[in-house]
Amino acid sequence: MASSLGPAWRSSFADFNPIPFAAASIGQVHDATLTAEVSLSGQPERVAVKVQFPNISESVASDLSYIRLLLTAGRLLPRGLFLDKTLTVLHFCLCCIVIDQKAEANARKHRS
């Protein structure tokens, strides 16, 4: 959080629950309340804060290698599927989602 939002990131929140209420392979989601000073409405506002784990690209690559192993070992591939190309495209798409979210967050930060 500090590397993305700065060392005083907690000052943007009236409340931030350090225990996530949801989690996935690329991050987790925390319940929080923005202070009136940073809220777009000018009022304290409850929000969900998505925190992505560092090194997502490596994590995605690792997950996809397990998928490759399961599909090839289990002979679950449909005829004509080019697994290497499919997994390369999937990795690219998943990593682009992460990059897009970072770009969106930076754009929001500069608009305020």
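The values are calculated or read from the model by the stated rules, or taken from the named source; none is laboratory data. On a predicted model such as this, the values are computed, not experimentally measured, just so you know. Methodologically, a virtual Cβ is constructed for each residue, glycine included, from the backbone with ideal geometry; neighbour enumeration extends over all protein chains shown.
Here are a few things to note about the model shown:
- Hits in region 1-39 (condition: part of a helix (DSSP H, G or I) and either within 12 Å of Val51 (Cα to Cα) or free of Cβ contacts under 8 Å to residues at least 24 places away in the same chain (or both)): Ala2, Ser3, Ser4, Leu5, Trp9, Arg10
- Number of positions in region 26-56 that are closer than 15 Å to Phe92 by Cα and surrounded by 15 or more Cβ atoms within 10 Å (Cβ to Cβ): 2
- Selection from region 64-87 of residues that are in a helix (DSSP H, G or I), modelled with pLDDT of 75 or more and farther than 18 Å from Ile26 by Cα: Arg68, Leu69, Leu70, Leu71, Thr72, Leu83, Asp84, Lys85, Thr86
- Within region 10-19, tally of residues that are touching a strand residue (DSSP E or B) at 6+ places or on another chain (Cβ under 9 Å) and surrounded by fewer than 16 Cβ atoms within 10 Å (Cβ to Cβ): 5
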